[in-house]
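Just below is one structure, and these are the notes that go with it.
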Amino acid sequence: MTQSATMNAVAEKRVQHPDKPLPLEYLRKRWLQVVLVFGFFFLYFPILALIATSFNEDKRNIVWKGFTFGWYAKAYENDKLFDSLMNSLQVGAISTVVSTIIGTMIGLALYRYRFSFKTPFESLVFLPIVIPEISMAVAMLAFFAMLGVPLGIFTITVSHIAFSFPFVAVVIRTRMAGFDESLEEASRDLGASAWQTFWNVTVPYMMPGIIAGGLLAFTLSLDDYVITAFTSGPGSTTLPIQIYSMVRFSVTPEVNAASTVLIVITLTFAIGAMAMQARTEKRTVKKNG
Amino acid sequence: MDNRKPIISIRNVYKRFGGSVVAVDNANLEIGEGEFFALLGPSGCGKTTLLRMLAGFENPTEGEIIIDGHRMEGVDPNRRPVNMVFQSYAVFPHMNVLKNVGYGLRVTGVPPDETQKRALEALALVKMERFADRMPNQLSGGQRQRVALARALVKRPRVLLLDEPLSALDAKLREAMQLELVRLQHAVGITFVIVTHDQDEALSMANRIAVMESGKVRQIAAPADLYEFPNSRFVADFIGKMNLFEGSVVGAAGNNIIIEVKGLGRITVPYSGSAEGTVGAAVRPEKVRVDHSEPGSDRVKLRGKVTEVAYFGDESAVFLENATGVNINVNVPNDARRTAAPFAIGDEMWISWNPADTLVLAE
Amino acid sequence: MRNWRKEVEAFLVLMGPGTFWLVAFFLVPVALIWIYSFLDRGPQGQLEWVFSFDNYVRALEPIHLGIMWKSLWIAALSTALCLLLGFPMAMGVAFAPSRWKNFLLLLVALPFFTNLLIRTYAWIAILRTRGYVNETLGWFYDGITGLFSGGDPNAFPAFVPIEFLYNQYAIIVGLVYVGLPFLILPLYASLEKFDRSFLEASLDLGASQWQTFFQVLVPIAMPGIIAGSLLVFIISLGTYLVPDVLGGTSSEMIGTLIARQFGASRDWPFGSALSCLLLYITFIVLWLRAVGAGREAAGAH
């Protein structure tokens, strides 16, 4: 015969158990927690210390003397710094626009078309990403020297585009990997031309990738030192270059203030790009599931 | 459980996640040595959580688990006398079949020659000796499952746990493996505990089944007992099909209980428990007969109009509608050769069954 | 995917500008320095169009070979240290409870987006003679000696700050710092997808946590480990900023050596040769990795 579920369970007191870590709950192991804390401390202390000194009254910057924006004011009034920031923004803007356009086109082509030399071509496109910066830097220098082009904003911008657009292409291609081709087919089926389909169906889908790629290109350009150092001339200093020459002289709270500003700008754009990626993923998931 | 010694005791076990989700709610059961035991239930009922608690990959929030006489609280999975076959099989992709099977022996210090010998024996048990040198990515799903089985059995555990062992296999392979697993269990003689959501698997393979729902163990019984004497609407509905009527208890007589069901009148059913108030009265489709002529008064009977006949080859499922709007489902075996349907749609028929076949469902 | 011949116009339009830029402003410059590597240098530092392997021979001179060798082992050591710290961190994030995961991942990724120069020079303030490390050490030293000195200021010698900066140790610290996110992110991606039931199966079969780690986790996660390590190695090998800012004049690596040729030394052909050598090593490492990945994919059949 059957046993009912509530059998004559021994009337013991209910035994409660402490929450012992499970075998795979690694994060609850003490030593790993210590390593993680140390790791994050190691990652963040240098930057945070640098940012902190930019607000410190004391120039010698170990001991905290008081909070001040003074160094920022000083940096703002520093003509060379200010000009270099303007140069950076100028180069960044142009580089971003051109890289995004070129990169999007290449990314789209790589996604859409099959051609015989595709694999070597892909490796080629990704070369600027993998190659050591110093090699590319001296190559660009030699190239411009041979052509007799004076080093300046133009040469910097051209070089920045050269190493930025492959990144944009990667972002676009990844984005397009999730594209539902039948949307384009439906559009053609309903009577739209190839051109109309492109603008009304494909581009809106690509847009988050384009924006993310653009933001990425901007941060790459803004942050670059090595390639810029070799392709810039007098009067075309960018912010990282200026910071470098100031650091060479001495690490002061003023230069830290300038660095902090650069960090804030870059992080804003980077977080923006990541938020864009995350938002589009959520939307696509909602659509499909 | 007959005379078997209990090898697993689960006592007052609760499992709570995050304070509000109760995955296992006061589970109490005992599994006998050498049994083929099934944890059966719909997804989310807590059966897998319970299995993982046996293996040591979850800890009970409350309650005790005793395996082979030892309390398992605080005992790591690698020191328990149980082994598990995972739903994904988890055959290590970077080792060949023989190394996979011998893994559990190697890491516990068994000498290499003995490891090799026992591993080959285990492979022979699952008929995979020829594949000893193959890599897992060269095997089919069913073959990888056998490797996982051999790998667990070579450790000679007291209990083998299997998590949804047949769910990833196609229909033909599933049937073959059902017989295979039972044969294996007899050959090795150890206790098997399987988790499944498929009632056919549980009914055909297990000695006893625990049906779970929303964390609670609803009923524990041998397959036939479970099928013929379900203790609740949930169990009756989960295992097999049924036709359910609402009734109320109006009296008892000896070992019987008397139920009044609207449209059916009074039914006297053998019933060992005690019930009162409203109960469900159900009958399984294969216990019901459909006739043109009126059956005798010793049967429960009602009139119905045929609404649909579904042909399954070996039997036909006939659906009839009663004047009160109740739908009845009847299985009619095709016990003689015929190509025409046994009844036409729209026919007025007599539906009847032996009152002793009525299921009394108190919950 | 469509055949390009079906839409030749669109194909050319899309591919055109990118290909042009790639060729004109990448391939040509790189080809140029490749050619330069075979040229000679004149007395005023101009190019002499005499072709020879002299630069390469010179690159293999002991002094230069020494620098390349030093770059290789600094890169290797930095990669190893990155793994030592980065693997547990990647594990911690990958196996964290889901509500912590994204936060921890963001925490790891953020430094990655900060300017490389800033990240590097931030260590100056920490490692220099009056930097954070030395000040802290000095504080401890003074505290302990103060305990034993009994009020006598001359009982113990004064604290001598340790030279952490402007040597190869500073470079290694800098490279580990810069490389850590490059290692953790791909490793995390690989570990995140890791099928937990492999680990559970190993434990279930009787293995200890460490046995499971070395015999199951590491072998199966190896592609991710290698991907991250190679990335850090290549970046460390060709690094310019870190040795330039933190290494001082005595610690030269390939990157700074190359830069010098295009700067003060005015020896572009030699610098080009070194640059090409660096490229060759990079390509060999990448090729080895592709071969390894290919062999793995073949094994999966």
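The values are calculated or read from the model by the stated rules, or taken from the named source; none is laboratory data. These numbers come from a predicted model, not from an experiment. In this analysis, Cβ positions are derived from the backbone assuming ideal geometry, glycine residues included, and neighbour counts consider all displayed protein chains.
Okay, residues lined up against (1) assigned to a helix (DSSP H, G or I); (2) within 14 Å of chain C (Cβ to nearest Cβ); (3) of a type in the set (V, I, T):
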{"site": "B:V13", "(1), (2), (3)": "no, no, yes"}
{"site": "B:C45", "(1), (2), (3)": "no, no, no"}
{"site": "B:V75", "(1), (2), (3)": "no, yes, yes"}
{"site": "B:K117", "(1), (2), (3)": "yes, no, no"}
>> I need the full set of residues from the range A:62-109 which are of a type in the set (G, A, S), in a helix (DSSP H, G or I) and over 21 Å from the mean Cα position of the chain (by Cα), in order please.
In response: A:G70, A:A73, A:A75, A:S84, A:A109
> Mind checking which residues of the range C:228-278 are within 23 Å of C:I126 (Cα to Cα) and not in a helix (DSSP H, G or I)?
Replying inline: C:T239, C:Y240, C:G247, C:G248, C:T249, C:S250, C:S251, C:E252, C:M253
> Among the residues of the range B:96-117, which ones are in contact (Cβ under 8 Å) with a residue 24 or more places away in the chain and crowded, with 18+ Cβ neighbours inside 10 Å?
Replying inline: B:V97, B:L98, B:N100, B:V101, B:G102, B:Y103, B:G104, B:L105
> Which ones in the range B:47-73 are surrounded by 16 or more Cβ atoms within 10 Å (Cβ to Cβ), more than 14 Å from chain C (Cβ to nearest Cβ) and more than 14 Å from B:V13 (Cα to Cα)?
Replying inline: B:D68
>> Suppose we keep only residues that are farther than 18 Å from C:W73 by Cα and touching a residue at least 60 places away in the same chain (Cβ under 8 Å) within the range C:250-270. Which one would you say is nearest to the other protein chains (Cβ to nearest Cβ)?
In response: C:W268
> Which of (1) more than 7 Å from chain A (Cβ to nearest Cβ); (2) more than 18 Å from the chain's Cα centre (by Cα); (3) touching a residue at least 12 places away in the same chain (Cβ under 8 Å); (4) closer than 30 Å to A:T252 by Cβ does C:V93 not meet, given it meets every other one?
Replying inline: (4)
> Within the range C:101-112, can you find the residues that are more than 7 Å from chain A (Cβ to nearest Cβ) and under 14 Å from C:Y188 (Cα atoms)?
Replying inline: C:K101, C:N102, C:F103, C:L104, C:L105, C:L106, C:V108, C:A109
>> Residue under question is A:T219, and the condition is that it be of a type in the set (S, T, N, Q), facing chain C (nearest Cβ under 10 Å) and free of Cβ contacts under 8 Å to residues at least 60 places away in the same chain; does it hold?
In response: yes
> Can you list the strands (runs of 3 or more DSSP E) found entirely within the range B:192-261 that contain at least 1 residues being more than 14 Å from chain A (Cβ to nearest Cβ) and surrounded by fewer than 24 Cβ atoms within 10 Å (Cβ to Cβ)?
Replying inline: B:243-253, B:256-261
>> Name the residue that is nearest to C:F103 (Cα to Cα), counting only residues in the range C:161-210 that are of a type in the set (D, E, K, R) and within 14 Å of chain B (Cβ to nearest Cβ).
In response: C:K193
>> As an exercise: evaluate C:N115 against (1) closer than 30 Å to A:R248 by Cβ; (2) of a type outside the set (A, V, I, L, M); (3) more than 10 Å from chain A (Cβ to nearest Cβ) and give the number of the one condition it does not meet.
In response: (3)
>> Could you check the range A:24-54 and list, in sequence order, the residues that are more than 8 Å from every other protein chain (Cβ to nearest Cβ) and touching a residue at least 60 places away in the same chain (Cβ under 8 Å)?
In response: A:I51, A:S54
>> Show the residue pairs meeting these rules: Cβ distance below 9 Å; 6+ apart or different chains; first residue within the range B:321-332 and among the acidic types (D, E); second residue assigned to a strand (DSSP E or B).
In response: B:E321/B:G304; B:E321/B:K305; B:E321/B:V306; B:E321/B:T307; B:E321/B:N327; B:E321/B:I328
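Tell me yes or no: at least one residue of the range B:168-177 is modelled with pLDDT under 95 and within 14 Å of another protein chain (Cβ to nearest Cβ).
Narrowing the range B:168-177 to residues modelled with pLDDT under 95: B:168-177.
Okay, now just the ones that are also within 14 Å of another protein chain (Cβ to nearest Cβ), so B:168.
Yes.
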